[in-house]
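One structure is given here, and the rest of the page talks about it.
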Amino acid sequence: MIDSFRAARWIRTLNLVLQAILFLTLVGGLNYLARSHAWRFDLTRYRRYSLSPETLSYLKELTLPVRIVVTSDGKADNPEVKGLLREYVYATEANSSGQVTVEYVDVYQDRRKTEKYGIAQPGVVLLLCGDRRSALTMDKLYRVENRVRTAFIGEQAVTAAILDVSNPDRKKIYFLIGHGELRPDDVDPARGLSVIGDELRLRNYDVETLELGSARKVPSDASLLISASPKDAFTPFEQELLRQYLGAGAGRLILFIAPDTQPGLRDLLIDDWGILLDDDLVCDFGSDNVTEDGDFIIRAFTPHPITQNLLDYREELRIGQARSVRPLPGQPVAAGLTIVTLAATSTTAWGEMDYRQRGIQLYTPGVDVKGMPHMDPPNRLGIAVASERVAVRGDLPFSVPGGRIVVVGTGDMISNARIANTGAEMMFLSAVNWMVGRDAALNVPSRPIDRFQLSLSAGELARLRYSLMLVLPGIAALLGIGVYWARRN
């Protein structure tokens, strides 16, 4: 009898142990299958949790690990960004050589990490690959209309940034010197460009200076040339170097030309690019268009990759003294040339030709420059113009971009003292991205942001509050009493 009870107890114990082993084996097997052979189905309306086929093909060919660091202040929450980055991590988990990892850093609690990564402001998505880096702010991940986020375009921006930092060839930007230009290694508030130089390096650009007269050629690795407020004229030889670089080499050039200077580029701008740089000084007596310090407030922008962010966020551009820049009036645009007035003054502004005289200047019809009704934007003076040469090569069914040039009629817009203006920084960085081709949109659809709003009056809100606080608990209490009474009887 004792042996039978003992045997039954051992059998029962063995049965429990086997059940536990089988249960653990089942759980372990299911986890192994889920990890190694996972099936995922995105049933959301706009496939919010799926990367596009184009992005997946790029990630499959990724050969270097990419680290993504997202900074926050511990308060703002961007669920679309977190969900998107989670998909990048999942898509590259099996890629041992090119995995994407994500780290979230609170800028106020993780001071050591913020110093390590060199970013102290929240709301930045920093991509790191070796010594290359690229930073995206949250406004680059959304499409905005009237200051309201309407679509999430984060996949386009993040995929483009991954391709950029994983490419071993860094784009090189040369700032021209030798004509009294502002320099990127100068920390002077009025004449230095050190702040914008640091911003470009943060975005994975190499920044150097170039003196055309000494170099005698434009380096072959130059992705973009920038001349910021030259005081002296370019020599004929230097002009020919720029013409060859922009023409045959499909080069890129940004010019910031201050009033009362003669850069000597008139023939190049007019003959090759259809841009007229007037020798005038923009004047405007409209109180809404000028600050107390005498800066101009620019609000008129033409839709273009350079100005799209300014339009989306309704940002203003504040500049100092300026001269008018416009497409050559009265002349048909040359074949293959696209000219756009990026930014323009108010309708009350004019270009004063006799600006060297002292005293208050008034508009003189037939002498001073005024906006034309038949030129876009009508009745406004342009202060920034972009010109692009696009040509069809051979029997190709599409056009191939050629050279690009942007001319801005002010000299210090990107100086250390003025770049703090959000509009100036936004426009300049967008111009750089457009110049080097970083603005090229991937074939990735944007994802609409659904918004649901519940509007309640004060009375309705009070009734809802009392219902949640009293009615629902009261119903639960009555049900409990009813059950208790039924069991008792």
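Brief remarks follow.
- The set of residues from the range 202-225 being touching a strand residue (DSSP E or B) at 6+ places or on another chain (Cβ under 6 Å), outside any loop (DSSP other than H, G, I, E, B) and either over 18 Å from ASN416 (Cα atoms) or of a type outside the set (A, V, I, L, M, F, W, C) (or both) comprises TYR205, ASP206, GLU208, THR209, LEU210, ALA222, SER223, LEU224, LEU225.
- Residues being at pLDDT below 90 and in contact with a Ser or Thr (Cβ under 8 Å, 6 or more places away or on another chain) are entirely absent from the range 269-280.
- Among the candidates GLY351, GLY371, residue that is without any contact (Cβ under 8 Å) to a residue 40 or more places away in the chain, surrounded by 21 or more Cβ atoms within 10 Å (Cβ to Cβ) and over 30 Å from ARG149 (Cβ atoms): GLY371
- Qualifying residue in the range 344-359 (condition: among the acidic types (Asp, Glu), closer than 23 Å to MET427 by Cβ and not in a strand (DSSP E or B)): no
- Any hit, the range 238-250, residues being out of contact with any Lys or Arg (no Cβ under 6 Å at 6 or more places or on another chain), of a type outside the set (A, V, I, L, M, F, W, C) and within 24 Å of TYR355 (Cβ to Cβ): no
- For PRO448, the conditions (1) surrounded by 13 or more Cβ atoms within 10 Å (Cβ to Cβ); (2) outside the structural domain of HIS304 (by TED's automatic domain parsing); (3) at pLDDT 85 or above are fulfilled apart from (3).
- Close pairs (7 angstrom Cβ cut-off, 6 or more residues apart or separate chains): under 22 Å from ILE173 (Cβ atoms) in the range 252-280, in a loop (DSSP other than H, G, I, E, B) and of a type in the set (Ser, Thr, Tyr) anywhere: PHE256/SER229; PHE256/THR410; ALA258/SER229; ALA258/THR410
- Condition broken by ALA190, with the remaining ones in (1) modelled with pLDDT under 85; (2) surrounded by fewer than 16 Cβ atoms within 10 Å (Cβ to Cβ) satisfied: (1)
- A residue that is among the hydrophobic types (A, V, I, L, M, F, W, C) and closer than 16 Å to PHE285 by Cβ occurs nowhere in the range 325-342.
- Within the option set LEU182, LEU176, LEU200, LEU212, being in contact with a Lys or Arg (Cβ under 9 Å, 6 or more places away or on another chain) and under 25 Å from ALA258 (Cβ atoms) holds for one residue only, LEU182.
- Residues that are charged (D, E, K, R) and part of a strand (DSSP E or B), drawn from the range 238-265: ARG252
- Filter result for ASP288 (in a helix (DSSP H, G or I) and over 20 Å from PHE428 (Cα atoms)): no
- Residue within the range 221-233 that is without any contact (Cβ under 8 Å) to a residue 40 or more places away in the chain and surrounded by fewer than 21 Cβ atoms within 10 Å (Cβ to Cβ) present: no
This table checks each residue for (1) assigned by TED's automatic domain parsing to the domain that holds ASN416; (2) in contact with a Cys (Cβ under 8 Å, 6 or more places away or on another chain); (3) surrounded by fewer than 18 Cβ atoms within 10 Å (Cβ to Cβ); (4) not in a loop (DSSP other than H, G, I, E, B).
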position: ASN95; (1), (2), (3), (4): no, no, yes, no
position: GLU103; (1), (2), (3), (4): no, no, yes, yes
position: TYR108; (1), (2), (3), (4): no, no, yes, no
position: PRO122; (1), (2), (3), (4): no, no, no, no
position: LEU128; (1), (2), (3), (4): no, no, no, yes
position: ASP139; (1), (2), (3), (4): no, no, yes, yes
position: ALA157; (1), (2), (3), (4): no, no, no, yes
position: ASP186; (1), (2), (3), (4): yes, no, yes, no
position: VAL195; (1), (2), (3), (4): yes, no, no, yes
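- Test result for LEU64, in the same structural domain as ILE162 (by TED's automatic domain parsing), assigned to a loop (DSSP other than H, G, I, E, B) and modelled with pLDDT of 85 or more: yes
- Restricted to the range 306-317, and to residues there that are touching an Asp or Glu at 6+ places or on another chain (Cβ under 9 Å) and crowded, with 18+ Cβ neighbours inside 10 Å, the residue that is modelled with the highest pLDDT is ILE306.
Yes/no matrix, rows are residues, columns are (1) more than 29 Å from LEU126 (Cα to Cα); (2) in contact with a Phe, Trp or Tyr (Cβ under 9 Å, 6 or more places away or on another chain):
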site: ALA160; (1), (2): no, no
site: VAL165; (1), (2): no, no
site: ARG170; (1), (2): no, yes
site: PRO189; (1), (2): no, no
site: LEU202; (1), (2): no, no
site: LYS217; (1), (2): yes, yes
site: PRO230; (1), (2): yes, yes
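For every residue, the table says whether it meets (1) out of contact with any Pro (no Cβ under 9 Å at 6 or more places or on another chain); (2) closer than 17 Å to GLU388 by Cα; (3) of a type outside the set (Phe, Trp, Tyr).
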position: PRO236; (1), (2), (3): yes, no, yes
position: GLN244; (1), (2), (3): yes, yes, yes
position: GLY247; (1), (2), (3): yes, yes, yes
position: ALA250; (1), (2), (3): no, yes, yes
position: ILE254; (1), (2), (3): yes, yes, yes
position: ASP260; (1), (2), (3): yes, no, yes
position: ASP272; (1), (2), (3): yes, yes, yes
position: ILE275; (1), (2), (3): no, yes, yes
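- Some residue of the range 318-327 being closer than 18 Å to ASN421 by Cβ, of a type in the set (Val, Ile, Thr) and free of Cβ contacts under 8 Å to residues at least 60 places away in the same chain: no
- Among residues of the range 409-421 that are closer than 19 Å to ALA343 by Cα, those with a beta-carbon under 8 Å from a residue that is aromatic (Phe, Trp, Tyr) at least six positions away or on a different chain give the pairs THR410/PHE256; GLY411/PHE256; ASP412/PHE256; MET413/PHE256; MET413/PHE428; ILE414/PHE256; ILE414/PHE428; ILE419/PHE428.
- For the range 397-416, the criterion of a residue being of a type in the set (A, V, I, L, M), out of contact with any strand residue (DSSP E or B) (no Cβ under 6 Å at 6 or more places or on another chain) and either at pLDDT 90 or above or in a helix (DSSP H, G or I) (or both) is satisfied by at least one position.
- Subset of the range 201-220 that is within 19 Å of ILE405 (Cβ to Cβ) and of a type in the set (A, V, I, L, M, F, W, C) - its residue that is surrounded by the most Cβ atoms within 10 Å (Cβ to Cβ): LEU212
The values are calculated or read from the model by the stated rules, or taken from the named source; none is laboratory data. This structure is a prediction, so every number in the text was calculated from the model and none was measured. Cβ: placed from backbone, ideal geometry, glycine included. Neighbour counts: every protein chain shown.
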